[in-house]
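Asks: Pasting a structure below so you can have a look.
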Amino acid sequence: MDKTLHIIGGGMAGSEAAWQAANMGVNVVIHEMRPKVETFAHQTGNLGEMVCSNSFRSDDDEQNAVGLLHWEMRAAAGLIMTTADKHRIPAGGALAVDREPFAESVTAALRSHPNVSVSDEEITELPTDGNWIVATGPLTSTALGKSIQAATGQDHLAFFDAIAPIVYADSIDMSQAWMQSRYDKGETEEERTAYLNCPMTKDQYEAFIDALLAADKTEFHEGETAGYFDGCLPIEVMAERGRETLRHGPMKPVGLTNPHQPEEKAYAVVQLRRDNALGTLFNIVGFQTKMKYGAQTEVFRMIPGLENASFARLGGIHRNTFINSPTLLDSRLRMKSRHNVRFAGQITGVEGYVESAAMGLLAGRFAAAELLGQEIPEVPLETAMGSLVNHITGGADAKTFQPMNVNFGLFQPLEDVRGGRKGRKIRYKGYTDRAKEVWQQWLASQS
Ligand SMILES: Cc1cc2nc3c(=O)[nH]c(=O)nc-3n(C[C@H](O)[C@H](O)[C@H](O)COP(=O)(O)OP(=O)(O)OC[C@H]3O[C@@H](n4cnc5c(N)ncnc54)[C@H](O)[C@@H]3O)c2cc1C
């Protein structure tokens, strides 16, 4: 049996996967199409190139989920984090790097590794034989994207994300909002109360539309929009088409009764839907948007019940190739239908440099262990890694699956710790302490 691990794509995930597997003693070939074939965002032929911002976001490993992910990756001797530490530049509490030396270092580390070779080529077909990790990212080449789609089914690969903002459940004011599905539809009580509703009066609606129209928006990159407009218009575009459009679309008030004011008919209703099995996150239904982040928080906090909302992630629409991981992948990032092919990085439906590299770290370790005939236990759910991989391969709803970044809403709740905003600091410290201990044990189980 061929013991070589082939990795398609040498970005954040592919580079990390290669590093982990090579350090476990496995021969790795990275197939990277740049610089022969370009993407609209990459500028060089380097491995591990940062396509946009030079920040890996918060480095706070006690109070921030992405900071905890940094910690876990450092503890696993991750290439992306250790290289980031070498090229760190001042950025307050964030981990920002000098981008070119960073990518050059990642490239040099991999190209000089005795177990790694790099093949400059585009892979155009999803492989059937051998051991593979697909880490081709949000800008996966068209030919490979089509081949993945052909192998997985039309509905299981998206070329755009259309992300509605996601709110922490415990930051919603339930003295104004209520749980009810339109027309109380559903067989079970859970289904009949699946949506969280925020009512608006006429004045509130008009002020909201004014704010939407006036808000700062981001522009699309050239060539980014093709085909996306079909099913997911940004809310501000809907509002531009007519002030009443939203009231007849995602904000229609029909089939709902506000138990706080049963006599008064709401003029419009914003609906939120559970975004994870734990019920800690809710997405605002139909509210995909191109508003800038600052504008989003301001505008969405005008919604009654969301005045103090904390956002696990804000909305967006981007060119982004990703698969329906809850349907297609198992908890070891293998295709359920082809165990010799794994996926890693943004294409699995995580979002962000760090999250992408993190999925590369896991895929690299799992693939190498399998080739070496070693057993690796499942990633513990208490860790940032485990919460994220559990979300994309199981916790998220496959029907509405959209890319997700790491956040504490994905974590298993802590017993005996206070909920709500007031208990947040203690809760976050509890999550990060617990995660560090369990992650160390998981790593030790492999040494
Ligand atoms: C325009 C844009 C801006 C972004 N900005 C940020 C940001 O500021 N901060 C952030 O945290 N995240 C950002 N992201 C999201 C995401 O975190 C990054 O794209 C991240 O680089 C994803 O890591 P990855 O390894 O999955 O993919 P990538 O880092 O993109 O790596 C994939 C690699 O696969 C190669 N490839 C693709 N197809 C093939 C093929 N068929 N054969 C061989 N090689 C192939 C590509 O050339 C690329 O090198 C952005 C995404 C985009 C598209």
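Throughout, read-outs are computed from the coordinates displayed, never taken from laboratory work. In this text, all values refer to a predicted model and were calculated from it rather than measured experimentally. With ideal geometry, Cβ positions are generated from the backbone for all residues, glycine too; neighbour counts draw on all protein chains shown.
Asks: Asn197: net charge of surrounding residues, Cβ under 11 Å, Lys/Arg +1, Asp/Glu -1, itself excluded?
Replies: Working: positive: Arg182, Arg273; negative: none.
Net charge around Asn197: +2.
Asks: Same structure, new question: Just to confirm the filter: which GluC sites (Glu not before Pro) across the stretch 1-56 are DSSP coil and have at most 15 other Cβ within 10 angstrom of their Cβ?
Replies: Values: sites: Glu16, Glu32, Glu38, Glu49; in loops: Glu38, Glu49.
Loop-located and lightly packed - Glu38.
Asks: Along the stretch 403-415, what does the Karplus equation 6.51 cos²θ - 1.76 cosθ + 1.60 (θ = phi - 60°) give for ³J(HN,Hα), rounded to whole Hz, x for Gly and Pro?
Replies: Coupling constants for the stretch 403-415: x, 9, 9, 6, 7, 5, x, 8, 7, 4, x, 8, 7 Hz.
Asks: In terms of modelled amide H atoms, which long-range or inter-chain residues lie less than 5 Å from the amide H of Phe343?
Replies: Those qualifying (amide H under 5 Å, at least 5 residues apart or on another chain) are Val134, Met335.
Asks: If you don't mind, there's one more thing I want to ask. Find how many whole Å separate the alpha carbon centroid of the stretch 21-91 from the alpha carbon centroid of the stretch 252-324.
Replies: 32 Å
Asks: Hey, another quick one. In terms of modelled amide H atoms, which long-range or inter-chain residues lie less than 5 Å from the amide H of Ser181?
Replies: The answer is Thr193, Ala194, Tyr195.
Asks: Among Glu187, Glu240, Glu100, which one shows the highest mean-square fluctuation when the chain is modelled as a Gaussian network with alpha-carbon springs under 10 Å?
Replies: Per the Cα network of the chain with a 10 Å cutoff, Glu187 tops the list.
Asks: Also, quick follow-up: Rounded to a whole number of µm²/s, how large is the Stokes-Einstein D of the chain at 20 °C and 1.002 mPa s, given Rh as the Kirkwood radius over C-alpha pairs? If you can, show how the numbers build up before the last one.
Replies: Details: Rh = 22.8 Å.
Roughly 94 µm²/s, to the nearest whole number.
Asks: Could you work out the relative contact order of the stretch 166-314? I mean the mean sequence separation of Cα pairs under 8 Å and 6+ apart, divided by the number of residues, in percent.
Replies: Working: 239 pairs, mean separation 61.3, N = 149.
Computed over the stretch 166-314, the figure is 41 percent.
Asks: For the chain, the longest stretch holding no chymotrypsin sites (Phe, Trp or Tyr not before Pro) located in a DSSP loop with at most 16 other Cβ atoms within 10 Å is which? If you can, show how the numbers build up before the last one.
Replies: Working: sites that count: Phe40, Phe220, Tyr267.
Answer - 268-447.
Asks: Just to be sure I understand: with springs between alpha-carbon atoms less than 10 Å apart, which residue in Leu410, Leu361, Leu256 has the highest mean-square fluctuation in the Gaussian network model of the chain?
Replies: With Cα springs under 10 Å in the chain, the top fluctuation among Leu410, Leu361, Leu256 is at Leu256.
Asks: Next question. Write out the trypsin sites (Lys or Arg not before Pro) in the stretch 184-217 meeting two conditions: DSSP loop, and at most 16 other Cβ atoms within 10 Å of their Cβ. It would help to have the intermediate numbers written out before the result.
Replies: Details: sites: Lys185, Arg192, Lys202, Lys217; in loops: Lys185.
Of the trypsin sites (Lys or Arg not before Pro), the ones in loops of the stretch 184-217 whose Cβ has at most 16 other Cβ atoms within 10 Å are Lys185.
Asks: Then there is this: Post the alpha-carbon centroid distance, the stretch 354-395 to the stretch 104-136, in whole angstrom.
Replies: That distance is 19 Å.
Asks: Another question, if that's okay. Check which residues have an amide H placed less than 5 Å from Ala94's amide H, if you skip close sequence neighbours.
Replies: It is Asp59, by chain and number.
Asks: If you don't mind, another one. Helix by helix through the chain, keep the DSSP H runs that span 20 Å or more along the axis on Cα and average at least 1.0 on Kyte-Doolittle, and give those back in order.
Replies: Details: long enough: 353-372 (28 Å, 1.02); 424-444 (30 Å, -1.36).
The answer, listed by residue number, is 353-372.
Asks: For the stretch 47-57, just list the computed ³J(HN,Hα) in residue order, Karplus coefficients 6.51, -1.76 and 1.60, θ = phi - 60°, integers in Hz, with x standing in for Gly and Pro.
Replies: For the stretch 47-57, the Karplus-derived couplings read 7, x, 6, 8, 7, 9, 5, 9, 10, 9, 6 Hz, x marking Gly and Pro.
Asks: From the cross-link list Lys265/Lys399; Lys185/Lys399; Lys146/Lys336; Lys185/Lys252; Lys265/Lys292, which pairs have alpha carbons spaced over 24 Å apart?
Replies: Working: Lys265/Lys399 31 Å; Lys185/Lys399 18 Å; Lys146/Lys336 19 Å; Lys185/Lys252 16 Å; Lys265/Lys292 32 Å.
Over 24 Å Cα-Cα: Lys265/Lys399; Lys265/Lys292.
Asks: In whole Hz, with x marking every Gly and Pro, tabulate ³J(HN,Hα) for the stretch 195-201 from phi via Karplus 6.51 cos²θ - 1.76 cosθ + 1.60, θ = phi - 60°.
Replies: Values per residue, Gly and Pro as x: 10, 10, 10, 10, x, 10, 7 Hz.
Asks: Continuing with this model, one more query. In the stretch 27-72, how does Rg compare with the Kirkwood Rh, expressed as the Rg/Rh ratio over alpha carbon atoms?
Replies: On the way: Rg = 15.0 Å, Rh = 13.1 Å.
Reported Rg/Rh (Cα atoms, Kirkwood Rh): 1.15.
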